[in-house]
2 protein chains.
Amino acid sequence: MRGSGTRRGRRRGGAAAPVRSVDYCNLRNPFPPIAVFTDDRIEAMHLTALQVLEELGIKVLLPEARDLLVKAGAKLADDDMVHIGRDIVQAALASAPRSFRMHGAVPDRDITVELGSLIFQPGAGAPHVTDRQRGRRPGKLDDFRELVQLTQGFDALQMVPPLVEPQDIPIHLRHYAMTEVALTQSDKVIFAYARGTPQAMECFEMIRDFRGLSDDEFRARPQLYTIVNTNSPRQIDVPMAQGLIDFAHYGQPIIVTPFTLMGAMAPITVAGALTLSHAEALAAITLAQLARPGAPVTYGTFTSNVDMKSGAPAFGTPEQVKASLGAGQLARLIGLPWRCAAGSAANVADAQAAHETEISGWGAVLAGATVVIHAAGWLEGGLTVGYEKLITDMDMVNTFAELCTAAAADDDAIGLDALREVQPGGHFFGAQHTMDRYQTEFWEPLSWDWSNYGTWQNAGANDAQERATAIWQERLAAFTPPNHSADRIGDLQDFIAYRTAAGGAAPVS
Amino acid sequence: MRGSGTRRGRRRGGAAAPVRSVDYCNLRNPFPPIAVFTDDRIEAMHLTALQVLEELGIKVLLPEARDLLVKAGAKLADDDMVHIGRDIVQAALASAPRSFRMHGAVPDRDITVELGSLIFQPGAGAPHVTDRQRGRRPGKLDDFRELVQLTQGFDALQMVPPLVEPQDIPIHLRHYAMTEVALTQSDKVIFAYARGTPQAMECFEMIRDFRGLSDDEFRARPQLYTIVNTNSPRQIDVPMAQGLIDFAHYGQPIIVTPFTLMGAMAPITVAGALTLSHAEALAAITLAQLARPGAPVTYGTFTSNVDMKSGAPAFGTPEQVKASLGAGQLARLIGLPWRCAAGSAANVADAQAAHETEISGWGAVLAGATVVIHAAGWLEGGLTVGYEKLITDMDMVNTFAELCTAAAADDDAIGLDALREVQPGGHFFGAQHTMDRYQTEFWEPLSWDWSNYGTWQNAGANDAQERATAIWQERLAAFTPPNHSADRIGDLQDFIAYRTAAGGAAPVS
């Protein structure tokens, strides 16, 4: 196992010390999923969503997508509105796989995407980055590279998302740069944007060839994923629809995520927002399944509320927790793996930011989410990824990972002999029961300081942010990329140089 | 309903605006309690704990307590060790009430203590206080008064604990000062220390008379509680044993709380530490039931781990969460209400502090705790209560309170009409469904700022701590004590003056 789940090195003298070894790469959610609505009301939301698609329809801006839906029996009305009958949706839900495997560059990085898996991602898609050293700034490729390197170092982050938007790279070349960084600085499941067929095809080609796969192997072994947001209410735009079709054709997973803020682009109630989100997700899943039956998709939602005084999005609210729990019920109703999110609306990595990320994080985990996006580093409702926040949030993510491990409860763990051994007034520090376990029993945090006030003051009285700065700096300084073939890296760079010279690939909108 | 659960005032022109009204005074835990051990291993821990009490015994330092146990059939061995047979423990568990009611000064403040209730307390028992204005300092009576006033203002804090130790008041007079403040500045269930019979009796008398109760009424209507910690491993000291007897005699609830740090005064394993804690809690509960069968007690534990490199206590760890979940299983096995805790080991109210309090808070809530102690304001593992942390943590506590409320899911909440009304590209801000609910649908935080980065910067770029300072200052400036009778206040002050002149009451140790 790699870094995060292990600790403690070698004793002096060369004898190996016991090592705490926990598999953070393959987590199973230890909690029973928690419901917030009764089953009959979840059924009512599902039926209402089917009714919405059938009676009210959804606007689909891509002709090819409309054609696919109409060919399956949907009715096309004015203004690109497509009315999708429930039988079409139900057929799509029947063909979507309940479980699929995604592949990293090495088998240790493969993950199973299904209900019951627990997969984390750091914050994604931010236009800005911030850290205590360099301040808040528009994201650049150097920032993206550093954030991918930090992500690579944490086993509990099993997917590498588009952490920050590298705005120093022109948009028609950005997919080259981001894919090169993700492929070379990481060995995990990676991401590509759905920004039109030309970019998607080039990303597929780069990843397929870098990982030494034939075209058939690539289609059969998902290597990357994309996120498809609908334009709530009830609209799927051109690049999103194209992404659904292209990724489905190539067997690469699509994480479907209507982004429905209660009171803004969705009804103000949790039940109403979830119903709209569900309808949109069903439409997107249907489109992917029509493009290729059996295409790997995850259900998803990103439903939170807005501040009704200002319209500002809020995250980590009780309403978001309820929406996450309800979305999990809807996901289980249709049986698909699903994506949820943590996150924060705070402008700085303060107590608000930590509380919001924790509350939404627990909401996602208790909701039985398969993939928890934005679990570390997300600030300003996604407008910024913070280096220090990424580090301090990892102590939360790693805590979730630890909670996935069982606590021993055999007779030896209960330890009657140890209880016999230590008399009133004594302590267990020296007990054999303790000596046998002290190097491996407890999780060790990354950024938390447990020293007492005096010791902490004498050491400089650094708060979590200050400690986190030192941690990301050390990790970046010590970073070594995974051991990829120099030939493959050379080929990738040649491909990018050739395509760049040929003009790159403009996004489609 | 009082402050915290309500918001928004009156419209201009005098017409009353809809008011969001949520009952934070009587919360029921909305989550199914989560298990971390199989039922048979919980049974094994229970049986081992019974075996520990029977075979290894527990040291009881108070002769009166030993006599009570021996009279019930326990065996006294050398060195004040008492061996308590399982039949004695089981009889005690049978006589302990599964549910009891505690009373504030007014019926709205009464609480039901039983499995399923969810009751919060702020941080308690700290020698120090800290705030951004006045720094970290030894606690004084003025600090205690302010913290009681802040506690009074939050409905979700249903009990008033000894937030900070007022060290400017001599210990033989401190119970007068603390009881006077708690009685006059609050109308909630309050606390008294178990520091020997003389102080306990005076506290009972002050509270009984201030609340206008006869002696019989006082004994039948619990008004206050105490916390009894054992001295782990396997020891009950003089004041704790006396507290168990005195509070039981007077029908005032005892929260039994072995404080067992894994690897230090308890075995290093979660299962071992819980088994020791369980044995000690059973012994204390047994003593209380022998003093008066039917005496109201809550089971409890405070089990976390230490840093094995330094011995420093840690809180908010995955091990603490597992211990809380396991303790909840043991509580449900014996059927008693129980006390758990949140908390943080951080030295400053930073991201670590927020994460630790959240993680341990979720652990306690998911464990099905009846009373969650130290849920707001606790720093340095209990050595300090922070004013700002109390405020920012209240957003967590209030979030838990909000999660106790159901989300509407009737057809009207699902809102098909609203979904019909808003077309693709539109928004729901103006929909009738939104207009009907926008003033009441969402929870509003205390210290969280949802404005965008530019607005936040223009407003001074205040972080959560800075905002929290303004909040506690405003709340204290606006504080009005509950409407207690001036006569009763006068009588209380006369009593205190008289007893002070007579020399006060020294604590027993």
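The values are calculated or read from the model by the stated rules, or taken from the named source; none is laboratory data. Since this is a predicted model, take the numbers as computed values, not measurements. Positions of Cβ are generated from backbone atoms using ideal geometry, with glycine treated the same way; all protein chains shown enter the neighbour counts. With ligands, DNA and RNA removed, areas are computed over all heavy atoms of the protein, side chains included. Shrake-Rupley method; radii C 1.70, N 1.55, O 1.52, S 1.80 Å.
When the surface is traced with a 1.4 Å probe over the full set of protein chains, A:K140 keeps roughly 110 Å² accessible.
The calculated 222 nm mean residue ellipticity attributable to helices in chain B amounts to -12500 deg cm²/dmol, summing -39500 (n - 2.57) over DSSP H runs of n ≥ 4 and dividing by all residues.
Given a Förster distance of 51 angstrom, what is the FRET efficiency for B:K140 paired with B:A220, based on the Cβ-Cβ distance and rounded to 0.05? The value I calculate is 0.90.
Summing Lys and Arg as +1 and Asp and Glu as -1 over all other residues whose Cβ lies under 15 Å from the Cβ of A:S485 gives a net charge of -3. As a length-normalised measure over Cα pairs under 8 Å and 6 or more apart, the relative contact order of chain B settles at 19 percent. Inter-part distance, segment B:322-400 to segment B:450-472, computed on C-alpha centroids, equals 26 Å. By the rule of a C-alpha distance below 22 Å, with chain neighbours fewer than 8 residues away ignored, the lysines paired with B:K309 are B:K322. Taking a ≥ b ≥ c as the square roots of the eigenvalues of the Cα gyration tensor, segment A:76-116 is prolate, since a/c reaches 1.5 or more and a/b is larger than b/c. Here A:Q432 yields copy-to-copy label distances, from shortest upward, of 7.8 nm, the label point defined as 7 Å from Cα along Cα to C-beta.
Bridge orientation summary for the protein assembly as shown: considering DSSP beta bridges with both residues in this region, about 40 percent are antiparallel.
Size descriptors for the protein assembly as shown (Cα atoms only): Rg and Dmax, in that order, 29.8, 97 Å. Taking 0.36 nm per residue of sequence separation and removing the Cα-Cα distance, the A:S95/A:L476 pair yields an extension gain of 132.8 nm. Computed from label points 7 Å out along Cα-Cβ, the spacing between A:A77 and A:E466 is 6.2 nm.
From the alpha carbon centroid of segment B:262-321 to that of segment B:95-118 is 23 Å.
The slack in the chain from A:Q493 to A:T455, taken as 0.36 nm per residue of separation less the alpha-carbon distance, amounts to 8.6 nm. Each other residue within a Cβ distance under 15 Å of A:A220 adds +1 if Lys or Arg and -1 if Asp or Glu, for a net charge of +2. Which of the listed residues, A:W456, B:Q51, B:L492, is farthest toward the dipole's positive end in the protein assembly as shown, when Lys, Arg count +1 and Asp, Glu count -1 at the beta-carbon? With unit charges placed on the Cβ atoms, the residue in question is A:W456. Multiplying the residue separation of B:A406 and B:V238 by 0.36 nm and subtracting their alpha-carbon distance yields 55.8 nm. Of the peptides A:170-179, A:335-344, B:26-35, the order by per-residue mean of other Cβ atoms within 10 Å, starting with the highest, comes out as A:335-344, A:170-179, B:26-35. The portion of the accessible surface of segment B:32-165 made up by carbon and sulfur, rounded to a whole percent, is 51 (1.4 Å probe; DNA, RNA and ligands excluded).
Take each residue in B:459-466, count the other chain C-beta atoms within 10 Å of its C-beta, and the mean is 3. For the protein assembly as shown, the solvent-accessible area of protein heavy atoms averages 32 Å² per residue (probe radius 1.4 Å; ligands and nucleic acids excluded). Averaged over the residues of peptide A:334-347, the number of Cβ atoms from other protein chains lying within 10 Å of each residue's Cβ is 2. The Rg/Rh ratio of segment B:64-218, with both radii computed over alpha carbons and Rh defined as the Kirkwood radius, is 1.05. Buried accessible surface for the A/B pair, both sides summed and rounded to the nearest 100, is 9200 Å² with a 1.4 Å probe.
Rounded, prolate or oblate: which one fits segment A:328-480, using the alpha carbon gyration tensor with axes a ≥ b ≥ c (rounded when a/c is under 1.5, else prolate when a/b beats b/c, else oblate)?
Verdict is oblate for segment A:328-480.
Placing a label point 7 Å from Cα along the Cα-to-Cβ direction at B:S509 gives distances to the equivalent points in the other copies of 7.3 nm, listed shortest first.
How much of the DSSP bridge set in chain A is antiparallel, in percent, rounded to the nearest 5?
So the antiparallel bridges in chain A amount to around 40 percent.
Shape verdict for segment A:7-134, please, from the Cα gyration tensor: rounded (a/c under 1.5), prolate (a/b greater than b/c) or oblate.
On the way: a/c = 2.69, a/b = 2.19, b/c = 1.23.
Since a/c reaches 1.5 and a/b is larger than b/c, the shape of segment A:7-134 is classed as prolate.
Shown for A:G454: label points 7 Å from Cα along the beta-carbon vector, and their distances to the equivalent points in the other copies, 5.2 nm in ascending order.
Hydrodynamic estimate: the Kirkwood radius of segment B:222-335 over Cα pairs, inserted into Stokes-Einstein at 4 °C and 1.567 mPa s, corresponds to D of 91 µm²/s.
With contacts taken as Cα pairs under 8 Å and at least 6 residues apart, segment B:192-244 reaches a relative contact order of 51 percent. The Cα-based radius of gyration of segment A:136-265, divided by its Kirkwood radius, gives an Rg/Rh of 0.98. Peptide A:439-449 shows a mean partner chain C-beta count of 6 within 10 Å per residue C-beta. Peptides A:425-434, A:211-220 ranked from most to least packed by the mean count of surrounding Cβ atoms within 10 Å: A:425-434, A:211-220. By the compact-protein rule of thumb, 2.2 N^0.38 Å, the alpha-carbon radius of gyration of chain B corresponds to a ratio of 1.02.
At the residue level, B:D67 shows approximately 100 square angstrom of accessible surface with a 1.4 angstrom probe and all protein chains present.
Membrane-span-like helices of chain A, defined as complete DSSP H segments with a Cα extent of 15 Å or more along the helix axis and a mean Kyte hydropathy of at least 1.0, are identified as A:270-291.
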